[in-house]
1. If contacts are Cα pairs under 8 angstrom and at least 6 residues apart, what is the relative contact order of the chain in percent?
2. Please say if region 1-106 is rounded, prolate or oblate, where rounded means a/c under 1.5 for a ≥ b ≥ c the square roots of the C-alpha gyration tensor eigenvalues, and otherwise the choice is prolate for a/b larger than b/c and oblate otherwise?
3. Please give the length that would be gained between residue 123 and residue 71 if that part of the chain were fully extended, namely 0.36 nm times their separation in residues minus their C-alpha to C-alpha distance (nm, one decimal).
4. Report, in whole Å, the centroid distance computed from the Cα atoms of region 78-100 and region 101-168.
5. Can you bin region 76-154 into rounded, prolate or oblate? Criterion: square roots of the alpha carbon gyration tensor eigenvalues sorted a ≥ b ≥ c, rounded for a/c under 1.5, prolate for a/b above b/c, oblate for the rest.
6. Which of rounded, prolate or oblate describes the chain when judged by the alpha-carbon gyration tensor and an a/c cut-off of 1.5?
7. So, in Å, what gap is there between the alpha-carbon centers of region 252-294 and region 42-59?
8. Determine, from the Cβ-Cβ distance of residue 54 and residue 211 and an R0 of 30 Å, the FRET efficiency 1/(1 + (r/R0)^6), rounded to the nearest 0.05.
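Values quoted throughout were computed directly from the atomic coordinates according to the rules given, and no laboratory measurement underlies them. It should be emphasised that the depicted structure is a prediction, and the values quoted were computed from it without experimental measurement. Neighbour counts are summed over all protein chains in view; Cβ atoms, including those assigned to glycine, are modelled from backbone coordinates with ideal geometry.
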């Protein structure tokens, strides 16, 4: 049985799950017909997407992370490459299977569940209809504090069910209502706006966060590093913490990367034109952390 668990999003990343894109994106006709339906910003160059994926995996492995790869079948949509959204790994090592708010993604939690069953993980439960909950809307700030967004992908019924599935160790659950912004067809997860990058430090896009949540973070004395707002669409706020003040972000965000380096973070930049920018999913979206340690 594999060891799972994370007390927060910023412990040292030891083990991570990613989705190999070769089958998902292997049929050029399918990619050509699906990308608009799924609201990708442009049709990805599949050859380059696979190249970028392999380089990303290489960066993770060179950083000491054990990378587990699954191969989603072509019965799933192209969005299945963004593996974070279909499940949540809790501090006690148990797993919650989500229920996707995007109709095209409904089969993904079952696919994730097959993997967890194979490795002997304990499934704490799953979100059932009419609830919806996506992993990109859930952040473990520490082993007793969880933040969850009400978004177009996560509804209040999903949040209610989540609360009943959490272990007793999680004492504080903060609900954050997200704005309309570009509407229901766009992807706007909480992790589009907040990336934990170190104990007590968050990378944030304040312009789209509600006042109550910003004031809550300030009362809790979080160090807030703001992205450069001109870099929001190039995924400046979607940054994966490796722990120990190291992080991965997509190239093309020099102003935000500079702010992180000025704050003494080691920033590893990856090519992500087709892997990330086409489907609006950065390094956090591509990964489901399985194990983090202090």
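1. Numbers: 629 pairs, mean separation 76.2, N = 294.
Relative CO of the chain lands at 26 percent.
2. Values: a/c = 2.45, a/b = 1.47, b/c = 1.66.
It is oblate, given that a/c is not under 1.5 and a/b is not larger than b/c.
3. On the way: separation 52, 0.36 × 52 = 18.72 nm, distance 2.09 nm.
This chain segment gains 16.6 nm when fully extended.
4. Cα centres, region 78-100 to region 101-168: 6 Å.
5. On the way: a/c = 1.76, a/b = 1.10, b/c = 1.60.
Because a/c hits 1.5 or more and a/b fails to exceed b/c, region 76-154 counts as oblate.
6. Numbers: a/c = 1.24, a/b = 1.08, b/c = 1.15.
Taking the square roots of the gyration eigenvalues as a ≥ b ≥ c, the chain is rounded.
7. So the two Cα centres are separated by 15 Å.
8. Values: r = 43 Å, r/R0 = 1.42.
So, using R0 = 30 Å, E works out to roughly 0.10.
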